[in-house]
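The next block holds one structure in the form of structure tokens; read it before the comments.
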Amino acid sequence: MEENGPIYLPFGLKKFDNQVAGHSSKDGKSLSGLLKGVDGFVLKPLTKFPAGDNEVKFYENLKLIGDLILLREFVPQYFGTLVIRIQDVDVKFLKLQDVSIGLKEPCIMDIKVGAQTWEPSAPFYKRMAEEKYSSTKSAYGFCIPGYQVYELCSGKFKKVGKEEGKLLTKETLPLALKEFFNYDHKYSKFLIDCFLQKLVKLLSWWEKQTIYHFYSSSLLFLYDASMFKELINHDEMCKSTLPWIKLYCIDFAHVVPANDTLDFNYIAGLTKLIDLLKSIHTC
């Protein structure tokens, strides 16, 4: 791990610069963290069993199950798996679309949805470990493990990691959202409105689907802050199709069968997120 020395990656691979949350080599829970290949794909390590196999199975089913068609719009493209030898260890990776590609000043936020982030079969120690972020999960039904934002007021990037995310409270979480959306800029409300349209569309699907329950899964918000400088006639734009404003569902290692029941844990968190963004939008 990095704390014991540098990680030497095979030729053609580098660390993924736009990772804002999840395990990395720095926290000792992953040999490499997310990687980027010369072919432009993102590689996500699958280091735990059965969670890794479960995530592969989800991506495979996503292509086959007809009732998941709408969800496919919000999931990064999947290109199979591959094994790479890193420091004498064979590591299996998911090969995924780089959803941040094309963003000049990428602002990215990871929001983990659900007050309960452990799956029902999780052992007691795992449930206790998931007590982190308990303040915001109990208040809002979601938490923010990390984000990066290009601050238009300073012209600099700011990165907030998971340790800072754990310290967010009911009072300070809305301030983090405002910071991420560059709330002081005149077009920030337009940006929030764009994301709200996508979130409402997702919620309408979640309120009907009884295929899966999602635990410890995140929504990834992405936008290009450089486009604020070019945004002039925003009222005439089709908000739902702007290529520099993106929303994705990620992290499916703890997706379980729903057995024909609604995912109330996820629905509640997504609903509260929409309500909070609406309140920020109107204030």
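Under the √(5λ) rule applied to the eigenvalues of the Cα gyration tensor, what semi-axes describe the equivalent ellipsoid of the chain? Give them in Å, descending.
Square roots of five times the eigenvalues give 28, 24, 20 Å.
Relative contact order of segment 106-282, please, whole-number percent, based on alpha carbon pairs below 8 angstrom and at least 6 residues apart.
Rounded, it is 33 percent for segment 106-282.
Any idea what the relative contact order of segment 14-96 is, in percent, if you count C-alpha pairs under 8 Å spaced at least 6 apart?
Relative contact order here is 25 percent.
At a 1.4 Å probe radius, carbon and sulfur cover how many percent of the accessible area of the chain?
56
Multiply the residue separation of Val200 and Lys166 by 0.36 nm, subtract the distance between their alpha-carbon atoms, and state the gained length in nm to one decimal.
9.6 nm
Just reorder Ile245, Ile250, Ile101 by solvent-accessible area, largest first, 1.4 Å probe, all chains present.
Ile101, Ile250, Ile245
Over the heavy atoms of Val42, what accessible area does a 1.4 Å probe trace out, to the nearest 10 Å²?
Accessible surface of Val42 is approximately 10 Å².
If you add up the charges near Val42, with Lys and Arg at +1 and Asp and Glu at -1, over every other residue whose beta carbon is less than 9 angstrom from its beta carbon, what do you get?
Charge balance near Val42 sits at +2.
Using a Gaussian network model on the chain with a 10 Å cutoff between Cα atoms, which of Arg85, Arg127, Arg72 fluctuates the most?
Comparing Arg85, Arg127, Arg72 in the GNM, the peak value goes to Arg85.
How much length is gained on full extension from Ile101 to Lys14, taking 0.36 nm per residue of separation minus their Cα-Cα distance?
Length gained between Ile101 and Lys14: 29.8 nm.
By Kyte-Doolittle mean hydropathy of at least 0.5 and Cα axial length of at least 20 Å, which whole DSSP H helices of the chain are selected?
Membrane-span-like by this criterion, though nothing is claimed about a membrane: 188-206, 264-282.
Can you work out D for segment 129-249 in µm² s⁻¹ from Stokes-Einstein, where Rh is the Kirkwood radius over C-alpha pairs, the temperature is 10 °C and the viscosity is 1.306 mPa s?
99
Please report the net charge: other residues with Cβ closer than 12 Å to the Cβ of Trp205, K and R +1, D and E -1.
Charge balance in the 12 Å sphere: 0.
Which residue, chosen from Ile274, Trp205, Ser138, occupies the Cα position most advanced towards the positive end of the dipole of segment 106-282, where the dipole is computed from +1 (Lys, Arg) and -1 (Asp, Glu) charges on Cβ about the Cα centre?
Toward the positive end, the furthest listed residue is Ser138.
Of His213, His254, His185, which has the largest mean-square fluctuation in a 10 Å C-alpha GNM of the chain?
Sorting by GNM fluctuation, first place goes to His185.
Under a cut-off of 19 Å between alpha-carbon atoms, report the lysines in cross-link reach of Lys170, not counting same-chain residues fewer than 8 places apart.
Correct list for Lys170: Lys112, Lys132, Lys137, Lys162, Lys178, Lys272, Lys278.
Over segment 14-96, with the other protein chains present, what is the accessible area per residue in square angstrom, probe 1.4 angstrom?
Per-residue value: 52 Å².
The values are calculated or read from the model by the stated rules, or taken from the named source; none is laboratory data. Worth saying up front: this structure is predicted, and the values here are computed from it rather than measured. Every residue, glycine as well, gets a Cβ built from its backbone with ideal geometry; the counts of neighbours run over all protein chains shown. Keep in mind that these areas ignore ligands, DNA and RNA; they rest on the heavy atoms of the full protein, side chains included. Shrake-Rupley method; radii C 1.70, N 1.55, O 1.52, S 1.80 Å.
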